Amino acid sequence: MNATYKAVEVSKPGEFSEVRKPLLDPGPNHVRIRVEACGVCHSDSATVEGLFPIDWPRVPGHEAVGRIDALGPGVQGWAVGQRVGVGFLGGSCGYCEFCRNGDLVNCRNQEFTGVHSDGGYAEVMIAKATGLVRIPDDLSSADAAPLLCAGLTTFNALRNAPAKAGDLVAVLGIGGLGHLAVQYARHMGFEVAAIARGSNTAELAKKLGAHHYIDSAATDPAAALQALGGAKVIVITASGGKTIAATFRGLRPGGVSIDLGVGPEPIEVTSMDLIFGERKVAGSLTGNPATADTTLRFSALGGVSAMIETVPLSQAAAAYAKMMAGKARFRIVLVMKNGNNPTREPE
Ligand SMILES: [Zn+2]
Ligand SMILES: [Zn+2]
């Protein structure tokens, strides 16, 4: 075994460098993982641009899949050789008020992968066992990677939303998150409306499973949703408070607009629109590890997958720049050894 491994780290805001790091043993309740694939996510900018206080240098990456190659003291329920995933939430503590109430997402002592600890832009990473996700055998590591963040975020929001089978659910924005949200919404049995700017996306949206396509550049999306009876849920995958406000009146009474896209802009909705119709605006943050297990299994069973482009780890900086420029269609995945091979071929 090599005593060092290759990693791409950020030494200061905006500056990537390829380095070799010493191979360390995992500490208590942590595992060491041979990374096979890691998705490049827009939230990596929190690390790369230094939006959070960061202890430099830092390896970004929170859509990592690989095999456990060492268990730290006290780890139970996981085995060497097992393929696992690590998402944005680095693992709950188990003893804070929120953990003790079963709310692992809002654990007070949760670290963010690739922000507070080194992430998956590397051949090796160390992760907390409480944050690990199971990877189904029939998904390749590259296919599984984006599902750990983009997939979980959209699946979890839809799964916990108040819509029932047959209800109208709208997905705003058909990008990295939106193209998965449309597929999940369709597979969950909703009537699905996809909303994006321009007519170019219409064909893709239909192919992903949308029953309706609303071009928000050509029509008022709220009026278009009302013409369909009003949406029970709008999943907002685009960032920007204005986009949320522009679709809000497309909710039917009792409907909820769930924001998944982070942006600095405030969300302006009127109290009239909130009160008359009892509509809600909500936020949703990824999901807990068990829901992540379900996201991956549901994806494998239903054939839901992210459209990905794979590149070697050494091209991480270029991949990040392409993603930030909005040129990724739709997710870029860094691939290390074995990343493209499922353990078992789908039948
Ligand atoms: Zn906790
Ligand atoms: Zn992410």
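Exposure check, 1.4 Å probe, all protein chains in place: S305 carries approximately 50 Å² of accessible surface. Only beta bridges with both residues in the chain are counted; by DSSP, about 55 percent of them are antiparallel.
Reported value for the chain: 136 Å³ per residue, from the convex hull of its C-alpha atoms. Seen from I68, the other residues with C-beta closer than 10 Å to its C-beta sum to a net charge of +3, counting Lys and Arg as +1 and Asp and Glu as -1. Sorting the segments 57-64, 175-182, 218-225, 240-247 by their residues' average number of neighbouring beta-carbon atoms within 10 angstrom, most packed first, yields 175-182, 57-64, 240-247, 218-225. Accessible surface of the chain, 1.4 Å probe: 51 percent of it comes from carbon and sulfur atoms. Taking Cα atoms only, the orientation of helix 178-187 departs from the longest principal axis of the chain by about 70 degrees.
Going highest first, how would you order 108-114, 286-292 by mean Cβ packing within 10 Å? Write out the running numbers ahead of the final one.
On the way: 108-114: 19.9, 286-292: 22.0.
Top of the packing list down: 286-292, 108-114.
For the chain, the number of Lys pairs with C-alpha atoms closer than 13 Å, counting only pairs eight or more positions apart or on separate chains, is 4. For the stretch 122-186, applying the loop criterion from DSSP together with a ceiling of 16 other beta carbons within 10 Å to the trypsin sites (Lys or Arg not before Pro) yields K164. Going by a ≥ b ≥ c, the root eigenvalues of the Cα gyration tensor, does the stretch 152-195 fall in the rounded group (a/c under 1.5), the prolate group (a/b larger than b/c) or the oblate group? The shape class here is oblate.
So, counting K/R as plus one and D/E as minus one, what does the shell of residues with Cβ under 13 Å around N106 add up to?
Taking every other residue near N106 into account, the sum is 0.
In the full protein context, the chain carries 44 Å² of accessible surface per residue, based on a 1.4 Å probe and ignoring ligands, DNA and RNA. Between E15 and D220, the modelled labels are 5.2 nm apart [label points 7 Å from Cα along Cα→Cβ]. Computed from the C-beta positions of S314 and A282 and an R0 of 30 Å, the FRET efficiency is 0.15 to the nearest 0.05.
Kindly state, to the nearest 0.05, the FRET efficiency for V262 paired with A321, given R0 = 22 Å and r defined as their beta-carbon distance.
On the way: r = 19 Å, r/R0 = 0.88.
With a Förster radius of 22 Å, E is 0.70.
Among 93-103, 140-150, sorting by the average number of other beta carbon atoms lying within 10 angstrom of each residue, highest first, gives 140-150, 93-103. Among the chymotrypsin sites (Phe, Trp or Tyr not before Pro) within the stretch 218-318, those in coil by DSSP and having at most 13 neighbouring Cβ atoms inside 10 Å are F276. Among W56, W78, the order of accessible area from largest down is W56, W78, computed with a 1.4 Å probe on protein heavy atoms.
Run the 1.4 Å probe and let me know the accessible area of T130, rounded to the nearest 10 Å². That residue has around 70 Å² of solvent-accessible surface.
Spin-label model, V269/D25: points 7 Å from Cα along the beta carbon direction are separated by 5.3 nm. Taking Cα atoms only, the orientation of helix 150-159 departs from the longest principal axis of the chain by about 50 degrees.
The values are calculated or read from the model by the stated rules, or taken from the named source; none is laboratory data. The structure displayed is predicted, hence computed values, not measured ones. Reconstructed Cβ throughout: ideal geometry from the backbone, glycine too, with neighbour counts over all protein chains shown. Heavy atoms of the whole protein, side chains included, go into the accessibility calculation; ligands, DNA and RNA do not. Shrake-Rupley method; radii C 1.70, N 1.55, O 1.52, S 1.80 Å.
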